[in-house]
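**Q** I'd like to ask some things about the structure below.
The values are calculated or read from the model by the stated rules, or taken from the named source; none is laboratory data. This one's a predicted model, so the numbers in the text were calculated from it and none came from an experiment. Every residue, glycine as well, gets a Cβ built from its backbone with ideal geometry; the counts of neighbours run over all protein chains shown.
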Amino acid sequence: MPDLVRDGVSLHYEIEGNGPPVLLLAGMLSDSATWAPLVPLLPNYTVVRVDNRATGRTVPWDAPVDMAVMVADALAVMDHLGFDRFHIAGHSMGGLMGLEIAGVAPARVATLSIMASGRVRMPRIAGVFDALTAVREGPEGETLWLRALYPWIFGSAFFEAPETAALTVEAALAYPHAQSLAAMKHQIAMFKGMRLVADLTTLTLPVQVLYGEEDVLVPPAAAQPGFAPLPNLTEHWLKGAGHSVVWDATEDVAHHVTTFTAKHPI
């Protein structure tokens, strides 16, 4: 359970495996645990997973946070581990982080895999987060907000077995490093003011975007135009996957990440 102290913040990260380094960046309301099903399918890589500020075991939970500081945190971890060049895979907000990292340190990023993300302003997403916060603040909120979240992030197959949601809620409630309500509000406030500065037209590195065909939180049709300016872009649509593509389509994600990085080795 390694940590890196930077500017008074203890950044938690996980590191597993051997091989070319790949940095995994989580999205909103998630931490390094969101990558748990994917890591075993990347046995030939050194996999680095960071808990972004306001999530997981990175403390204090209320440390100052914005996109620029999260990018600096991720680069600091890779510096600390001695990785001059690496692959990145980012989910949702983590995909946007990957673009920003490539913008400030283009020579260091070998490839970027963006999953279920959108680089366009979607006010509905902030509305969803506000609604989830309100549910969580109410009676039985710790359970009900999770049940309210799942239709937004999982594909239809998740709901075919009635017990799946109940078991997933149980596992989430048992997770010892779950984001608190206060930390959730802190991160959502950051999201609402998030500023992206990378000029996509100048990012010549290989980028692939993986869309969940059933993603209702970040619909592919709405997200796709935001990535069109990338000069070296590949796109794939994952059948049956909602926003949580890493859980809905784990093997497909692993296939695309390993195939893509193999084409562009470090």
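**Q** Could you grab me the full set of residues in segment 16-43 that are surrounded by 14 or more Cβ atoms within 10 Å (Cβ to Cβ), over 14 Å from the mean Cα position of the chain (by Cα) and over 21 Å from A171 (Cβ atoms)?
**A** Answer for segment 16-43, where residues must be surrounded by 14 or more Cβ atoms within 10 Å (Cβ to Cβ), over 14 Å from the mean Cα position of the chain (by Cα) and over 21 Å from A171 (Cβ atoms): G17, P20, P21, L42.
Every residue, every condition in (1) in contact with a Phe, Trp or Tyr (Cβ under 6 Å, 6 or more places away or on another chain); (2) of a type in the set (D, E, K, R); (3) under 18 Å from S113 (Cβ atoms), yes or no:
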{"position": "V39", "(1), (2), (3)": "no, no, yes"}
{"position": "N44", "(1), (2), (3)": "no, no, yes"}
{"position": "R49", "(1), (2), (3)": "yes, yes, yes"}
{"position": "A54", "(1), (2), (3)": "yes, no, no"}
{"position": "A63", "(1), (2), (3)": "no, no, no"}
{"position": "D73", "(1), (2), (3)": "no, yes, no"}
{"position": "A76", "(1), (2), (3)": "no, no, no"}
{"position": "D79", "(1), (2), (3)": "no, yes, no"}
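**Q** Moving to a separate point now. Would you check which residues across segment 44-81 are assigned to a loop (DSSP other than H, G, I, E, B), of a type in the set (A, V, I, L, M, F, W, C) and free of Cβ contacts under 8 Å to residues at least 60 places away in the same chain and list them? Don't jump to the end; show me each part of the working.
**A** Looking only at segment 44-81, we keep the residues that are assigned to a loop (DSSP other than H, G, I, E, B), and these are 44-45, 51-58, 60-66.
Remaining after also requiring of a type in the set (A, V, I, L, M, F, W, C): 54, 61, 63, 65.
Once the filter is applied, which keeps residues that are assigned to a loop (DSSP other than H, G, I, E, B), of a type in the set (A, V, I, L, M, F, W, C) and free of Cβ contacts under 8 Å to residues at least 60 places away in the same chain, segment 44-81 yields only A63.
**Q** Which members of segment 181-193 meet the condition of being surrounded by 13 or more Cβ atoms within 10 Å (Cβ to Cβ) and either in contact (Cβ under 8 Å) with a residue 60 or more places away in the chain or of a type in the set (D, E) (or both)?
**A** A183, M184, H186, Q187, I188, M190, F191
**Q** Here's something else I'd like to know. Only residues in segment 95-111 that are under 16 Å from Q208 (Cβ atoms) count as the first member; pair them with residues that are basic (K, R) and surrounded by fewer than 17 Cβ atoms within 10 Å (Cβ to Cβ), Cβ under 8 angstrom, at least 6 apart or cross-chain, and list the lot.
**A** Qualifying pairs under 8 Å: V109/R85; A110/R85.
Listed here are the residues, each with its yes/no results for (1) at pLDDT 95 or above; (2) of a type in the set (D, E, K, R); (3) more than 17 Å from the chain's Cα centre (by Cα); (4) buried (at least 19 other Cβ atoms within 10 Å of the Cβ).
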residue: M70; (1), (2), (3), (4): yes, no, no, yes
residue: V77; (1), (2), (3), (4): yes, no, no, yes
residue: L81; (1), (2), (3), (4): yes, no, yes, no
residue: D84; (1), (2), (3), (4): yes, yes, yes, no
residue: A89; (1), (2), (3), (4): yes, no, no, yes
residue: M93; (1), (2), (3), (4): yes, no, no, yes
residue: L96; (1), (2), (3), (4): yes, no, no, yes
residue: S117; (1), (2), (3), (4): yes, no, no, yes
residue: T133; (1), (2), (3), (4): yes, no, yes, no
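**Q** Considering every residue within segment 159-166, establish whether at least one is surrounded by 13 or more Cβ atoms within 10 Å (Cβ to Cβ) and touching an Asp or Glu at 6+ places or on another chain (Cβ under 9 Å).
**A** no
**Q** Give the residues of segment 19-56 that are within 20 Å of V109 (Cα to Cα) and in contact with a Ser or Thr (Cβ under 6 Å, 6 or more places away or on another chain), sorted by residue number.
**A** Those that are within 20 Å of V109 (Cα to Cα) and in contact with a Ser or Thr (Cβ under 6 Å, 6 or more places away or on another chain): G19, P21, A26, G27, R49, D51.
**Q** May I pose another question? Could you please find all residues in segment 229-266 being under 20 Å from M93 (Cβ atoms) and either without any contact (Cβ under 8 Å) to a residue 12 or more places away in the chain or among the small types (G, A, S) (or both)?
**A** Matches in segment 229-266: A241, G242, S244, A249.
**Q** Which ones in segment 109-127 are β-branched (V, I, T) and either assigned to a helix (DSSP H, G or I) or in contact with a strand residue (DSSP E or B) (Cβ under 9 Å, 6 or more places away or on another chain) (or both)?
**A** Here is the first cut: in segment 109-127, the ones β-branched (V, I, T) are 109, 111, 114, 120, 125.
Of everything in segment 109-127, those that are β-branched (V, I, T) and either assigned to a helix (DSSP H, G or I) or in contact with a strand residue (DSSP E or B) (Cβ under 9 Å, 6 or more places away or on another chain) (or both) turn out to be V109, T111, I114, I125.
**Q** Just a yes or no: is a residue in segment 138-157 in contact (Cβ under 8 Å) with a residue 12 or more places away in the chain and within 30 Å of P231 (Cβ to Cβ)?
**A** There is no residue in segment 138-157 that is in contact (Cβ under 8 Å) with a residue 12 or more places away in the chain and within 30 Å of P231 (Cβ to Cβ).
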